[in-house]
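Here is the structure we will look at, set down as structure tokens.
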Ligand code: ADP
């Protein structure tokens, strides 16, 4: 059985987490931010160490590790009745993050729509990331070189995910707007799917 899925797509700092958290409060939607799953790991565990090693360089964690962790998260969410695969829609944020991950998840996900949050002003993005670094104690956003590496990884590895799913599923959303307007634009489409 495939999971009914909506993807939140966009560069680091585009606001996927902000929107995902709100959408996840709506009954029958489960928000899953892959970065949050990684950050919830104990830093002294083997996989926690792998996460720190890659994220501190602005790189992606290897695909096998990522997908295994994600599968564990979904299974435990199902077991604990936080996720009801028959009725719920997954709102994924930060996964799949490259074309290979999209392929690995192809038998698992039934992707119904993709919200592509587009932030045209790179200065805005960098400022949002640096503000978040202070507020949320995120080491990967504290350093400008790591931020630049993350943006580079996004353009090189993550952007091709859009081609994998094809244009028909993609809704382009102006993410330079206030969060409430971004939410409104997402909901306009979401009520139709
Ligand atoms: P942002 O919300 O700024 O895009 P995330 O919190 O999603 O950042 O991710 C932080 C870090 O976690 C990434 O830079 C990467 O190292 C790791 N990570 C998160 N999701 C994935 C994934 N699907 N595949 C590989 N690495 C990931």
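Miscellaneous remarks
- Note on the range 131-149: residues that are assigned to a helix (DSSP H, G or I) and in contact with a helix residue (DSSP H, G or I) (Cβ under 7 Å, 6 or more places away or on another chain) total 6.
- The single residue among 92, 125 that is within 14 Å of the chain's Cα centre (by Cα) and surrounded by 19 or more Cβ atoms within 10 Å (Cβ to Cβ) turns out to be 92.
- Selection over the range 95-115 of residues that are in contact (Cβ under 8 Å) with a residue 40 or more places away in the chain, surrounded by fewer than 18 Cβ atoms within 10 Å (Cβ to Cβ) and either more than 25 Å from residue 150 (Cβ to Cβ) or in contact with a strand residue (DSSP E or B) (Cβ under 9 Å, 6 or more places away or on another chain) (or both) gives a count of 4.
- Output for the range 150-171, where each listed residue is within 14 Å of the ligand (Cβ to nearest atom) and assigned to a helix (DSSP H, G or I): 150, 151, 152, 153, 154, 155, 156, 157, 158, 160, 161, 164
- Residue check, residue 118 surrounded by fewer than 20 Cβ atoms within 10 Å (Cβ to Cβ) and within 16 Å of the chain's Cα centre (by Cα): yes
- Residue pairs whose Cβ atoms lie under 7 Å apart, separated by 6 or more positions or on different chains, with the first residue in the range 49-76 and closer than 15 Å to residue 3 by Cβ and touching a residue at least 24 places away in the same chain (Cβ under 8 Å) and the second near the ligand (Cβ under 9 Å from one of its atoms) and assigned to a helix (DSSP H, G or I), are 67/101; 70/34; 70/37; 73/37.
Only the coordinates and a few stated rules stand behind these numbers; no lab work does. Fair warning: this is a prediction, and the values are worked out from it, not measured in the lab. Positions of Cβ are generated from backbone atoms using ideal geometry, with glycine treated the same way; all protein chains shown enter the neighbour counts.
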